[in-house]
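> Quick one: structure below, then a few questions.
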Amino acid sequence: MAHAEPSTTPNPDAMKFTLDRTLPAMINVTRGEDTDDAFAAAVLAVDGVAAVFATNDFVTVRRTEGAEWDPIVAAVVAAAAEHL
């Protein structure tokens, strides 16, 4: 069960999540693309998520313009706890 700590980035439509573990492989997927990764699929299923990029010990989530961050952050934290 991984913990994901959110932090802002200079881009208002992207948020970084620092993980307490290192990922085994890079994730780079955009909404509408197929993915075998359960974590990425769970995050992309959330309304407002446009893309997920993850490598080493962090994840960057990009939202669609105007989407609210609170439900996205909650979903990323929950998905990390369940799938990473």
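The values are calculated or read from the model by the stated rules, or taken from the named source; none is laboratory data. For clarity, every value in this text was computed on a predicted model and none was experimentally measured. Please note: Cβ atoms are built from the backbone with ideal geometry, for glycine as well, and neighbour counts cover all protein chains shown. Heads up: the accessible areas ignore ligands, DNA and RNA and are worked out on the full protein's heavy atoms, side chains in. Shrake-Rupley method; radii C 1.70, N 1.55, O 1.52, S 1.80 Å.
> Local charge sum around Glu5 (other residues, Cβ-Cβ under 11 Å, Lys/Arg +1, Asp/Glu -1)?
Surrounding charge for Glu5 is -1.
> I'm checking a number: the convex hull volume of the Cα atoms of the chain, normalised per residue, in Å³. What is it?
79 Å³
> Any chance you could check the Cα centroid distance between region 1-52 and region 56-84 for me, in angstrom?
Each part's Cα centre sits 5 Å from the other's.
> What distance in nm separates the two pseudo spin-label positions at Ala38 and Thr9, each 7 Å out from Cα along the beta-carbon direction?
The modelled label-to-label distance comes out at 2.6 nm.
> Could I have the simple spin-label model distance between Thr18 and Ala81, label points 7 Å from Cα toward Cβ, reported in nm to one decimal?
The two pseudo-label positions are separated by 2.0 nm.
> Still on this structure, please answer the following. Using per-residue counts of other Cβ atoms within 10 Å, averaged over each peptide, order 50-58, 23-31 from highest down.
For the peptides 50-58, 23-31, the packing ranking is 50-58, 23-31.
> Under a 1.4 Å probe, what is the accessible area of the chain per residue, stated in Å²?
Spelled out: the 1.4 Å probe surface of the chain, per residue, equals 57 Å².
> I've got another one for you. For the chain, build the charge dipole from Cβ charges (+1 Lys, Arg; -1 Asp, Glu) around the Cα centre, then report which of Gly66, Pro10, Val76 sits farthest towards its positive end.
Pro10
> Cβ under 14 Å from Pro24's Cβ, Pro24 left aside: what net charge do those residues give with Lys, Arg +1 and Asp, Glu -1?
Net local charge, Pro24 excluded: -2.
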